[in-house]
Amino acid sequence: DLGVRLAYDLAPNKQNAFIVDSPCTDEYDPLSRYSGLPELPRVSRFHVLNQKASARLYCREHGLNYEDINLVVVHMGGGTSVAAHKKGRLVDGNNGLDGDGPFSTDRTGGLPVGGLIDMCYSGKYTHAEMRRKIKGQGGLMAYVHDTDVKTIEAKALAGDEDCKNALDAMIYQTAQEIGKKAVTLKGDVNAIILTGGIAYNPNTEKYLKEYLGFIAPITVYPGEDELLALCQGALRVMTGEEKPMAY
């Protein structure tokens, strides 16, 4: 959010301050906003920049038009976001920042609601402490007190059952979320794209293929190159490939 103000202040011509694929980009379909409570609508907030950059990279490499195909893109890092890309629009995705979707290295993802309410009103935790449990002390950190997937996997291979089970559960939940987004696209999925830091782990693709190979081919772009993605987004506008939207 601060980037918006920085771009505006730095731009010599205030009409040429470009923000590219910000985390709060909202292209949701109407049905994606329903949560079960009108007071708590689902909101679009996740790794949009790397999501879209990976999708466009896949299209360039395969001679495809992003606006013509359907993809499920999975960013796996400190938080995990899984989004359905329907012909160039992010029509649904999980808010990994705020307790939605699969658990990750230090975030809980979705939790049993009744139990969470009881924890909040138990008197044992402050509001800030509960927020910290959901983001920072959840996920792998909560189960095995570590967030380094490479280290945790090495311990698992050495016989640590806690590490093995926690990793297996994280992959299991991630695969389930990908399956949900494939349903969002009614099974019409050209490819599943894995990206983010955890995608560097060679076994991640292997394990996810066991769950998801029947849905679509899986492509891996490990890490993230968000500075390049920002530059490419501005260039698309400057070269006329894309029209900017005014805010």
Quick one: which residues, 5+ away or cross-chain, put their amide H under 5 Å from the amide H of Arg42? H built at 1.01 Å from N.
Tyr34, Ser35
Per 5 Å bin from zero, what fraction in whole % of the C-alpha pairs of the chain is there, up to the bin with the longest pair?
1, 6, 12, 17, 18, 16, 13, 9, 5, 2, 1, 0
Among Lys124/Lys164; Lys52/Lys181; Lys150/Lys180; Lys87/Lys181; Lys87/Lys186, which pairs are too far apart, with a Cα-Cα distance over 20 Å?
Lys124/Lys164; Lys150/Lys180
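Compute, for the chain, the length of the dipole vector about the Cα centre, with Cβ point charges of +1 (Lys, Arg) and -1 (Asp, Glu) only. Units Debye, rounded to 20.
Computed charge dipole of the chain: roughly 380 debye.
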Among 43-55, 163-175, how do they line up by average Cβ neighbours within 10 Å per residue, starting with the highest?
43-55, 163-175
With all protein chains present, segment 51-206 has a carbon and sulfur share of its accessible area (1.4 Å probe) in percent of 52
Which one of Met245, Leu212, Ala234 is farthest out on the positive end of the charge dipole of segment 199-247, using unit charges on Cβ (Lys, Arg +1; Asp, Glu -1) and the Cα centre as origin?
Leu212
Counting helices only, and only those DSSP H runs with n ≥ 4, report the 222 nm mean residue ellipticity of the chain as the sum of -39,500 (n - 2.57) divided by its residues, in deg cm²/dmol to the nearest 500.
-13000 deg cm²/dmol
Under 14 Å from the Cβ of Asp118, count the other residues' Cβ atoms, weight Lys and Arg +1, Asp and Glu -1, and hand me the total.
+2
In nm, to one decimal, how far is the Lys209 label point from the Leu2 one, both placed 7 Å along Cα→Cβ?
4.1
Have a look at the DSSP beta bridges in the chain and tell me what percent are antiparallel, nearest 5.
55
May I ask you to give the solvent-accessible area per residue for segment 1-155, in square angstrom, as obtained with a 1.4 angstrom probe?
56
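Local charge sum around Asp160 (other residues, Cβ-Cβ under 13 Å, Lys/Arg +1, Asp/Glu -1)?
Net of charged neighbours comes to -3.
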Can you find, among Val113, Leu97, Ala128, the residue farthest towards the positive end of the dipole of segment 89-137? Put +1 on the C-beta of Lys and Arg, -1 on that of Asp and Glu.
Ala128
Counting sequence-distant residues (5 or more places) and residues on other chains, those with an amide H built under 5 Å from that of Ile193 are Val72, Val73, Val74, Thr219
Say R0 is 35 Å: what FRET efficiency, to the nearest 0.05, do Asp68 and Thr147 get from their beta-carbon distance?
0.40
What number does segment 62-181 give for Rg over Rh if you use C-alpha atoms and the Kirkwood radius?
1.06
Pair Arg89, Ser122: separation of 7 Å Cα→Cβ label points (nm)
4.3
How would segment 124-219 be classified by its alpha-carbon gyration tensor: rounded, prolate or oblate, with rounded meaning a/c under 1.5 and the a/b versus b/c comparison settling the rest?
oblate
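Select from segment 104-157 those trypsin sites (Lys or Arg not before Pro) which occupy a DSSP coil region and have at most 12 other Cβ atoms within 10 Å, ordered by residue number.
When the trypsin sites (Lys or Arg not before Pro) of segment 104-157 are filtered for loop state and at most 12 Cβ neighbours within 10 Å, Lys124 remain.
The values are calculated or read from the model by the stated rules, or taken from the named source; none is laboratory data. Everything numeric in this text was worked out from a predicted model, so none of it was measured. Using ideal geometry, Cβ is built from the backbone for each residue, glycine included, and neighbour counts are taken over all protein chains shown. Please note that ligands, DNA and RNA were not included when accessible areas were found on the heavy atoms of the full protein model with its side chains. Shrake-Rupley method; radii C 1.70, N 1.55, O 1.52, S 1.80 Å.
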